[in-house]
Amino acid sequence: MPKYDTEDFLDNVKAVLVANLNTKLTAIDAAKTQDTLSLPQVAAAAYAFQGLNEEVINFDPFIVYGVESIVTIPQLQGSANDVTVSVVLALCENGKNEIDRLMLRYSRAMKEVIEENYQSVGKGMKMVVSEFMPISFKFLNSDDNYKAVGININATIA
């Protein structure tokens, strides 16, 4: 049986998000009947691993995911890796009302999708999913303003 590693973990995070995030976004939209905000869907091609490229940033929104840190933990028989993966969703805020509410909903959706599918993501490993607050940014070659929000997924891979 092949050893489950960080690369497999990353592949599973992306696969679970691609398969489930848009359904979760639709469910959150349906539950939030007190306003008319709508969460734009994330295209399957709008995911970038460990960095951006010209193709991905043409999507709105887009997701960048990758390894935040790896810490080796000694064990009696070899070692394990304490891995933190970041998943960041960015959305162009130009012309969008209540962008901060949208970002909080995206963060909630990503966290819930990973937690609800923990068996598929981590193959039964103990995982901790934490959210981080929205930030604003601009690309150097654009006048557009963006907001980004995300989650960190921490797991120990033996």
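Read-outs: derived from the displayed coordinates by stated rules, not from any lab. Predicted model, so just to flag it, every value in this text is computed and none were measured. With ideal geometry, Cβ positions are generated from the backbone for all residues, glycine too; neighbour counts draw on all protein chains shown.
For this structure, a couple of remarks:
- Acute angle (nearest 10 degrees) that the helix 6-31 long axis makes with the longest principal axis of the chain, alpha-carbon atoms: 40 degrees
- Coil-residue chymotrypsin sites (Phe, Trp or Tyr not before Pro) of the stretch 50-158, DSSP, other Cβ within 10 Å capped at 14: F139
- Inter-label distance for F49 and A158, nm, one decimal - labels placed 7 Å from Cα along Cα-to-Cβ: 2.7 nm
- Listed options for Cα extents along the principal axes in Å are (1) 84, 40, 22; (2) 110, 30, 22; (3) 56, 37, 25. The value calculated from this structure is the one marked (3).
- Crossing angle, helix 99-116 versus the chain [Cα axis fit, 0-90 degrees, rounded to tens]: 30 degrees
- With a simple spin-label model that places each label point 7 Å from the Cα along the Cα-to-Cβ direction, the separation between S69 and D143 comes to 4.1 nm.
- Over the chain, relative contact order from alpha-carbon pairs under 8 Å, at least 6 apart, %: 25 percent
- This model, with +1 at the C-beta of Lys and Arg and -1 at the C-beta of Asp and Glu, gives the chain a dipole about its Cα centre of some 360 debye.
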